[in-house]
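The values are calculated or read from the model by the stated rules, or taken from the named source; none is laboratory data. Computed from a prediction, not measured in an experiment: that's the story for all the values here. Every residue, glycine as well, gets a Cβ built from its backbone with ideal geometry; the counts of neighbours run over all protein chains shown. Heavy atoms of the whole protein, side chains included, go into the accessibility calculation; ligands, DNA and RNA do not. Shrake-Rupley method; radii C 1.70, N 1.55, O 1.52, S 1.80 Å.
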Amino acid sequence: MASWCAAGGTVIVALLAGFANPQAYATGDDREQRSADVLRQLVPSADGPGCAAAVGMRGNVVWEAGRGKADLTTGRPITSKTVFDMASNSKQFTADAVLLLAGRHQLALSDPLSDFLDDPPAWARNVTLGDLMRHTSGITDYQDLLEAKGVQVTDPAGQEEAIAAILASQPEEPPGKRFSYSNSNYVLLAHVVEKVTGTPFPTFVQQQFFTPLHLAMTLSPAVDVPGKAKSYDEKDGSFTPNSSPWKQYGDGSVQSTPGEFVRWADNYRTGRIGGKELLAGVTAGAVSVGDVLRQRGITEGKYGAGILVLPDKSLVHRGDWEGFHSSFKVSPDRNTAVSVVCNVDAPDHFRAANQLLDIWS
């Protein structure tokens, strides 16, 4: 599902903290060994939950591995084939679906949200699809809205409940005023895609992205995806299973291995799906996420189409949901991509992703 770390800038500080100061490596013939060392440093013990990582170069997986347990009850290990919930790293597919429809002239980023709602609140006339994509809508995160109504993440709630809560609320501030990360934006964008195409959003993503690119991915908020790791919270060395019956999508819910995710990254180089229009749309109109990044030594960061664009033109995002934590980065030349995904909080997974990218770039 989505990232619930915090609101606005705090989320982005967490998202980028590990990418501010990469540890340098020289490339060489021992890249696989040094990559394995990075994973061992990230997951010191293979007896508890852990992480999987992959590196892709121009669409080919050049290294992938897993370490730790996918299921503590059965002892099933994490391997390169273990499936994880990619959480907010799923947002790029939602944004790209909108860009795909824009390229087909089925919608425009300047269209108001109200055009795609049966009974829109007055404020929806002033919020554009571009505002939703770039988190400048001012709309409150639906988790906060549901929790304010007494619906906890341990209670059942789906897409309908989230959208109803959003439309019954009032935005926190006028659209376009500033960047403020909200998962509501992407749940609404998924609804827009469904309204325009008449196709369930998971089906549309499967048909337009996963199938033509031959990606073994699914977009499903279901817990029991085949081959999926179980996720855990850790406290004082003890692990507790972490799961939620919430079933929203658009803001999250892509299920994948890290290897498949770095294969997907090659579309940022080739534009095989969406062509030049989609590639241009990924970064066009990206908005500054504010001064908060400078506190982490990052001069500037801008949020584009479901992904952050750093000053060196690299792409990066983070995801957190139900004990799943993922980081994803694509090099400035778009030739190399890294994905690191864990089924327990591993604070250094950002740093590990940066180290891996540096080894293979």
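Tabulated values for the structure
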| read-out | value |
| --- | --- |
| Flag for Arg263 being in contact (Cβ under 8 Å) with a residue 40 or more places away in the chain, under 20 Å from the mean Cα position of the chain (by Cα) and on the phi < 0 side of the Ramachandran plot | yes |
| Any chance Val62 is under 20 Å from Asn354 (Cα atoms) and open to solvent by 10 Å² or more (accessible area, probe 1.4 Å) | yes |
| Hits in the stretch 79-109 (condition: touching a residue at least 60 places away in the same chain (Cβ under 8 Å), open to solvent by 10 Å² or more (accessible area, probe 1.4 Å) and of a type in the set (A, V, I, L, M)) | Val83, Leu99, Leu100, Ala102, Leu107, Leu109 |
| Residue in the stretch 3-58 that is surrounded by the fewest Cβ atoms within 10 Å (Cβ to Cβ), counting only those that are hydrophobic (A, V, I, L, M, F, W, C), modelled with pLDDT of 50 or more and not in a helix (DSSP H, G or I) | Ala46 |
| Filter result for Val98 (within 19 Å of Gln248 (Cβ to Cβ), among the β-branched types (Val, Ile, Thr), under 21 Å from the mean Cα position of the chain (by Cα) and not in a loop (DSSP other than H, G, I, E, B)) | yes |
| All helices (runs of 4 or more DSSP H) inside the stretch 183-278 with 2 or more residues being open to solvent by less than 40 Å² (accessible area, probe 1.4 Å) and of a type in the set (A, V, I, L, M, F, W, C) | 184-197, 201-205, 258-264 |
| Qualifying residue in the stretch 334-344 (condition: open to solvent by less than 20 Å² (accessible area, probe 1.4 Å), closer than 10 Å to Asn89 by Cβ and modelled with pLDDT of 95 or more) | yes |
| Filter result (open to solvent by 10 Å² or more (accessible area, probe 1.4 Å), of a type outside the set (Val, Ile, Thr) and within 22 Å of Tyr249 (Cβ to Cβ)) within the stretch 122-135 | Asp131, Arg134 |
| Lone qualifier among Gly158, Gly150, Gly138 - being within 19 Å of Val289 (Cβ to Cβ) and surrounded by fewer than 23 Cβ atoms within 10 Å (Cβ to Cβ) | Gly138 |
